[in-house]
Amino acid sequence: MGKSTWRPAMMPDLSGKTILVTGANSGIGLEAVKLFAGKGAEVIMACRNVEKAEVAAAEVRAVVPEARLEIMALDLADLASVKAFADAVKQRFSTLDVLLNNAGLMAPPLQRTKDGFEIQFGTNHLGHFALTGRLLELLEAADAPRIVQISSLAHRGGKLMWGNLNAEKSYSRWAFYCQSKLANLIFARDLNRRLEKAGSKVHAYAAHPGYSATHLQDTVPGGGLFNTIMAQPAEMGCLPGVMAATSPDVEPGGYYGPDGRIMELRGYPAPAFVRKITDNKTVAQRLWQESERLTGVRYLND
């Protein structure tokens, strides 16, 4: 892990670009929207709660009065919503330059998605897997398209619980959060490999925000206290994803996070530590096949 040389001021002009951010109404998603809009991009704010998204859009416009924002309803915990959302995006837009898969849940009590999946694996991974597949043709139509998947430091403790991916047998809120974030990272790196093999001009990247103060911690006992003591602000936590989405110096398939000396918790973005399992093709293939089976969305097959 080296020291960062990237700063937000180095972002290129994004005029004429269309960027889609999931979970754009708060936290690092909202901060990323501000930066993208400030550089001239049209930003699709994909949010489950449209009313909260309208409040967030007003916050963006207070900073960037000329912001071009499109609010669209998306519930990643409902595959029918994912399909309807993707269809609506394809009706309104002819190209998509960046897909920032940012939305996520962290460590709630056991809940299930509309389709019966454990809600963290179902939302954080399966929802984004399905969304990415359904939007790939719009990305292919852009000049230099990118997909950025937000993972987490928690991937380090993750294990794919084959036979219990959806908490059919048992549930631990943290084990399932870590599983979902490991799945995010494996997916991003495997996706980039598949895109390269297919001769696609789309590149995929992954990023993590370190420990950032966001509403993710709302479901965690003591989360607010830890935010106060340890976390960096969301304005910093969004930067690894923004860099991956815009910098000419990032490597396709790369993983980026804060450059802080202590566990990558804080700092400006730089290449991040990644576990070897994220490049295990056998594991990646199994996750891909399970994701296709569970979502019914098939794309980029070997």
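Every read-out reported here was derived from the displayed coordinates using simple, explicitly stated rules and does not represent laboratory data. It should be emphasised that the depicted structure is a prediction, and the values quoted were computed from it without experimental measurement. Cβ coordinates were reconstructed from backbone atoms using ideal geometry, including for glycine residues, and neighbour counts include every protein chain displayed.
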For this session: Could you tell me what percent of the DSSP beta bridges with both partners in the stretch 1-81 are antiparallel, to the nearest 5?
Result: 0 percent
Exercise. Can you tell which of Ala141, Gly257, Ala284 lies farthest toward the positive end of the dipole of the chain, using +1 and -1 charges on the Cβ of basic and acidic side chains (Lys, Arg; Asp, Glu)?
Worked result: Ala284
Exercise. Given only helices, namely DSSP H runs of n ≥ 4 each adding -39500 (n - 2.57), what is the per-residue ellipticity at 222 nm of the chain, to the nearest 500 deg cm²/dmol?
Worked result: -12000 deg cm²/dmol
Seminar exercise, completed: Gyration tensor on Cα atoms of the stretch 43-96, a ≥ b ≥ c root eigenvalues, a/c under 1.5 rounded, else prolate if a/b beats b/c, else oblate, says oblate
Seminar exercise, completed: Result row for the chain, helices from DSSP H with C-alpha axial extent 24 Å or more and mean Kyte hydropathy at least -1.0, is 173-197
For this session: Place a label point 7 angstrom from the Cα of Asn49 along the Cα-to-Cβ direction, then list the residues of the stretch 1-39 whose backbone nitrogen is under 17 Å away.
Result: 22-31
Exercise. With a 10 Å Cβ neighbour count serving as the proxy for reagent exposure, in which order, fewest first, do Ser81, Ser170 appear?
Worked result: Ser170, Ser81
Problem set entry | FRET efficiency, Lys114 to Trp162 (Cβ-Cβ, R0 25 Å, nearest 0.05) | 0.60
For this session: Kindly count the pairs of lysines across the stretch 82-195 whose alpha carbons are less than 26 Å apart, treating pairs on different chains or eight or more residues apart as eligible.
Result: 9
Problem set entry | Cβ-based exposure ranking for Phe273, Phe36, in which fewest neighbours within 10 Å come first | Phe273, Phe36
Exercise. If one puts a single equal scatterer on every Cα of the stretch 19-148 and applies the Debye formula without solvent, what log₁₀ I(q)/I(0) results at q = 0.13, 0.16, 0.21 Å⁻¹?
Worked result: -0.50, -0.75, -1.24
Exercise. Between Ala73 and Asn301, how many nm apart are label points set 7 Å from Cα along the C-beta direction?
Worked result: 3.4 nm
Exercise. At what distance in angstrom do the alpha carbon centres of the stretch 236-261 and the stretch 54-120 lie from each other?
Worked result: 21 Å
Exercise. Mind checking the dipole of the chain: about its Cα centre, +1 per Lys or Arg Cβ, -1 per Asp or Glu Cβ, Debye to the nearest 20?
Worked result: 740 debye
Problem set entry | Viscosity 1.567 mPa s, temperature 4 °C, Stokes-Einstein D of the chain from Kirkwood C-alpha radius, µm²/s | 69 µm²/s
Exercise. In a shell of Cβ-Cβ distance under 15 Å around Gln179, excluding Gln179 itself, what net charge do Lys and Arg (+1) and Asp and Glu (-1) give?
Worked result: +4
Problem set entry | Residues Ile71, Ile44 arranged by fewest to most Cβ contacts within 10 Å | Ile71, Ile44
